[in-house]
1. Given the structure, is Cys31 assigned to a helix (DSSP H, G or I), surrounded by 11 or more Cβ atoms within 10 Å (Cβ to Cβ) and over 13 Å from the mean Cα position of the chain (by Cα)?
2. Taking Ser58 as the residue in question, decide whether it is in a loop (DSSP other than H, G, I, E, B), in contact (Cβ under 8 Å) with a residue 12 or more places away in the chain, more than 21 Å from Gln128 (Cα to Cα) and among the small types (Gly, Ala, Ser).
3. Based on this model, can you work out whether Ala85 counts as under 16 Å from Arg121 (Cβ atoms) and of a type in the set (A, V, I, L, M, F, W, C)?
4. Can you pull out the residues in the stretch 46-61 that are of a type outside the set (S, T, N, Q), modelled with pLDDT under 95 and over 16 Å from the mean Cα position of the chain (by Cα)?
5. Does Ala51 fit the bill of being part of a helix (DSSP H, G or I) and small (Gly, Ala, Ser)?
6. Within the stretch 84-117, which residues are without any contact (Cβ under 8 Å) to a residue 12 or more places away in the chain and acidic (Asp, Glu)?
Amino acid sequence: MIERNQPLSCFLRNDDVASDEPKLRQLLALCAKNETPISLAIIPERLTSEAVRLLTNSCGLIELHQHGWRHTNHETIGKKCEFGASRDYETQYADLAAGQARMNEAFGTSWFPAFTPPWNRCTATTAQALI
């Protein structure tokens, strides 16, 4: 094991957050106990009121951001992708806007307006829709 003279700085990211689950509570408690920041990627369309309550009442080490809209695969071939080649600009834009509206409704100004695509994949069209 490597010996360190200084604390190690890190943060965690947890994807696919939508409901108040025991494992999420465990993770949040662990982060709070160790004063470790965590970024939670929220699936807006699946977000429950219980999860909103949990996250708005949690410690200040939590950063929330948008993780797609429904986290649904729309590709018929190839790798899974919610914001992939089979979806045009207007459709992607509508889903991005719906997700942003849901995040605003749930968290007001307390979420960070960043986007992480489900399965960590999207297209240049998605990038244009985000601008």
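1. Considered against the rule, which asks whether it is assigned to a helix (DSSP H, G or I), surrounded by 11 or more Cβ atoms within 10 Å (Cβ to Cβ) and over 13 Å from the mean Cα position of the chain (by Cα), Cys31 comes out as yes.
2. In short, yes.
3. Spelling it out, Ala85 is indeed under 16 Å from Arg121 (Cβ atoms) and of a type in the set (A, V, I, L, M, F, W, C).
4. Cys59, Gly60
5. Here the answer is yes, as Ala51 does meet what is asked.
6. Glu90, Glu105
The values are calculated or read from the model by the stated rules, or taken from the named source; none is laboratory data. The structure displayed is predicted, hence computed values, not measured ones. Because the Cβ atoms are built from the backbone with ideal geometry, glycine has one as well, and the counts that use them run over all protein chains shown.
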